[in-house]
Structures are given as structure tokens and as C-alpha cells.
Amino acid sequence: MIVVMAVSASEAEIQQVVAAIEAQSLHALIMPGGERVAIGVPSAIPPEIREDLAQTLGLLSGVDHVAHVSRPYKLASREFHRADTVVEVKGVHFGGPQIQVMTGPCSIESYQQMATAAKAAKDAGATVLRGGAFKPRTSPYSFQGLQEEGLKILRQVGEENGLITISEVMQPDLVELVASYVDILQIGARNMQNFPLLIEAGRSRHPVMLKRGPSATFDEFLLAAEYLLHNDNQQVLLCERGVHPVDRSYTRNTLDLNAVPVLKEVSHLPVIVDPSHGTGVSRYVPAMALAAIAAGADGLMIEMHPNPRVALSDGAQSLTPAQLQLLMARLAQLAPAVGRFVIPLTGGDLKPQMNANERG
Ligand code: PEP
Ligand code: MN
């Protein structure tokens, strides 16, 4: 249930609604909006009191209307919050007209690698620098990441290039540490239902990008996002990164672009698409990145490495800086067709047209 207050509602009227909800031993969550405040009742309301409560609340002064939220997730649902949520991180807006591109290598390997990647990201017009410091690797023998040392490098090159940063956190007791270095916490696909991690990341109130698990339903995905919102973190980005494929001999995952219109319809949260993990093959990344934006995604996460052939992880799906530049130019051409824009190029001598290299 959501109680939408009138634009003119006073603080006393808001508190009266909160008190009426709490009198039923229910939790009331105040959600300030651009124009008006909404008060949500995120937990299940016993059916025998639902109608009476809605009526009582609807009659209180300052209340505009009361709406029922039918989805299992409440705070993440568009019934709860009709307008698109715009998440602002240090002046970068996710969910507005500008398409935000997050890019950088899968893993942070060295200062030099990150400095080169950051400059390439900046020159191409990306706004967010990515790099994994704590890596969820299928094999314990694979490179596990530079950990805190990597976070220091990420923060430094981010600052040197005027880019905000994102990196994955895998365990609850490291949320504080990772949040002290990066602007956005990434919760990886394998950890989508790591509930202690979601609770801790929620409590941190640090911006979070939550990746969809490879076999998660949309309800499971949005209920995981609900954990973040329920723990008072409103700065949540959803990320589709591919689901288990029917045929793994061609692609690593199947990028589920259905997720974009579905999530945009049922939720107000910004939707980011990761075509790198979604395909696992660098030559398929540009096509799927463009398709994601055409489908209505608010941003992209794209792995890019100064020299993918020597990458310590995910080289096969990483673009080169030149391939990223070309993709960004094509995104800039596509964006206006769907009412969006990307920031203009600031470097390189790119000619924004298709050529043979793009497919290589
Ligand atoms: C990553 O972004 O490098 C990563 C490990 O992603 P995912 O959690 O989607 O596999
Ligand atoms: Mn990766």
C-alpha cells in the first residue's frame, strides 16, 4: 500500500499518516519525491484490515490518494513510485535522458593498465570507470584480484580522469571498505541473493548496481533490489547481464533484452545492460549494446582493456579502446532516435562509421 500525499501536505499531516500506519504495528516508510511525499507500507498488510486501513488513511488531511501495490516487491515497483527514479552520483545521472556508459577492464591489474583504460574511457565519452578488485572466479586457481591495492588504483585513476568509479563487493564485512574507495558498489550476478550482503549494502546508503543472477526470475531480481530499498538505500541501479544460455558453444550467456522493457514497466529504477558478460564475445558486444539502448536501457557496462589479449580475466569479451570509441560514436548516432543522448567525444580522431575492424 502507498499513501500519496497532496503537494501541499504539511509535515504534521505526514506524521499523522505515519502514526496511523504504526498504530496497526506496520512499518511506514517515508519516500520524499520531487513534488510530493509518498508513504509506503512495505510489509504485507493482514487482509482483514487492508480495506479499513486504506479508507482511514484516505480520509486523513493532506492525503491525495491511497494505492494498492499488487507486486511482491513494493518499494521497487512502479505502482509505488510512478515516475522514473533518477539516481545521481557526483553529478552523473542514471535514469535521465543521458545514457551513461561504465567501462574499464574486468580486473584491475596495475596502475599503468588502469591509467590507460581510464584515459580511453574518458576520451570515448564514458562517465564511469569500472574495474574488479575482488573477483568472483569460478576456479580458485584463477586471478582473484588485487583487492584493496586495486581499489586504491581505481580511485586514483578515476580522480585523475574525472570519472566516477564502480567495483564489486562480494561480502558484507567488506562493504564499508569498498564503499570508502568507490562511488558505486557492484553486487555481482553470483551474489544477487546474498541477503546479508544486500542488507549491508542497503544500510551503507552507498549507490549500488545490482546484477541479475544468471537464472533469476524478474520477481527474484526485484525482490533482491527490494532488500536494498527496504534497508533505506534509494540509490539502486538494476543490471541485466545475461542468463544461462541454451547453447553455450556460441555465447557465454544469453543477454535477456526482454528485461529492459519489462523492468522499465514494472519498476521505476534505472536499468543498465552489460553486453560483455551477456555475450562473452567481444565482436558481439557492439550490436547488443546498441540493441540495449534501442530497447530503452539507461546505461551500459562494457568491459574494455588496453590489450585484451593479455587480460587476466575476461579478455575474450573485452573491447579495445578503439572498438569502444567506435561503439560510442554509433551510440551517439542512435541515441536521438530513442530520445536520449550520450556525452560528446573529447578525444581521438574517430570517424563514426562502420568499418571492418568493428567486427574483429
Ligand atoms: C564483472 O562485472 O566482472 C562480473 C564478474 O560480472 P557478473 O557478476 O555479471 O558475472
Ligand atoms: Mn568480467
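When K264, K122 are compared by accessible area of protein heavy atoms, the largest-first order is K122, K264, using a 1.4 Å probe.
For the range 34-82 versus the range 265-337, the inter-centroid distance based on Cα atoms is 38 Å.
With the simple model of a label 7 Å out from the Cα in the direction of the Cβ, A291 to Q234 spans 3.6 nm. Once all protein chains are placed together, L223 keeps about 70 Å² accessible to a 1.4 angstrom probe. Compared with the dominant principal axis of the Cα atoms in the chain, helix 111-124 is inclined by about 70°. With springs only between Cα atoms under 10 Å apart, run a GNM on the chain and tell me which of E159, E226, E240 wobbles the most. The residue that fluctuates most here is E159.
The phi-based Karplus calculation (6.51 cos²θ - 1.76 cosθ + 1.60; θ = phi - 60°) puts the 3J(HN,Hα) values of the range 239-249 at 9, 8, 10, x, 10, 3, x, 6, 10, 7, 6 Hz, whole numbers, x for Gly and Pro.
Taking Y250, Y141 and ordering them by how much accessible surface each has at a 1.4 Å probe, largest first, produces Y141, Y250. Taking amide H as placed 1.01 Å from N in the peptide plane, S167 has its amide H under 5 Å from the amide H of I184, Q186, each at least 5 places away in sequence or on another chain.
With the helix formula -39500 (n - 2.57) applied to DSSP H stretches of n ≥ 4, the chain reaches a computed 222 nm mean residue ellipticity of -10000 deg cm²/dmol. Of the whole protein surface, F195 contributes about 80 Å² of accessible area at a 1.4 Å probe radius. Globularity index of the range 207-259 is 1.28 (Cα radius of gyration / 2.2 N^0.38 Å, N = number of residues). Fully extending the segment from S61 to F143 would add 23.5 nm, taking 0.36 nm per residue of separation and subtracting the current Cα-Cα distance.
Normalised per residue, the accessible area of the range 2-67 is 53 Å², obtained with a 1.4 Å probe and no contribution from ligands, DNA or RNA.
Calculated on C-alpha atoms, the gyration radius of the range 87-359 divided by its Kirkwood radius gives an Rg/Rh of 0.93.
The residues of the range 87-359 expose on average 39 square angstrom of accessible surface per residue, using a 1.4 Å probe on protein heavy atoms. In order along the range 168-183, the phi-based Karplus estimate (6.51 cos²θ - 1.76 cosθ + 1.60, θ = phi - 60°) of 3J(HN,Hα) comes to 7, 10, 10, 9, x, 6, 9, 4, 5, 4, 5, 5, 6, 10, 10, 7 Hz; Gly and Pro are listed as x. Ligands, DNA and RNA left out, the 1.4 Å accessible surface of the range 1-80 is 52% carbon and sulfur atoms. Taking every alpha-carbon pair within the range 146-209, the share separated by more than 14 Å comes to 52 percent.
Within the range 1-82, the ratio Rg/Rh, alpha carbon atoms throughout and Rh by Kirkwood, equals 0.92. Listed by chain and number, the lysines whose alpha-carbon sits under 29 Å from that of K122, ignoring those within fewer than 8 places in the same chain, are K90, K135, K152, K211, K264, K351. Here's how it looks for G104: its modeled amide H is under 5 Å from those of R130, I302, M304, which are all 5 or more places away or on a different chain.
The values are calculated or read from the model by the stated rules, or taken from the named source; none is laboratory data. This structure is a prediction, so every number in the text was calculated from the model and none was measured. Backbone-built Cβ (ideal geometry, glycine too); neighbour counts: all protein chains shown. Just so you know, the surface numbers come from the protein's heavy atoms only, side chains and all, with ligands and any DNA or RNA stripped out. Shrake-Rupley method; radii C 1.70, N 1.55, O 1.52, S 1.80 Å.
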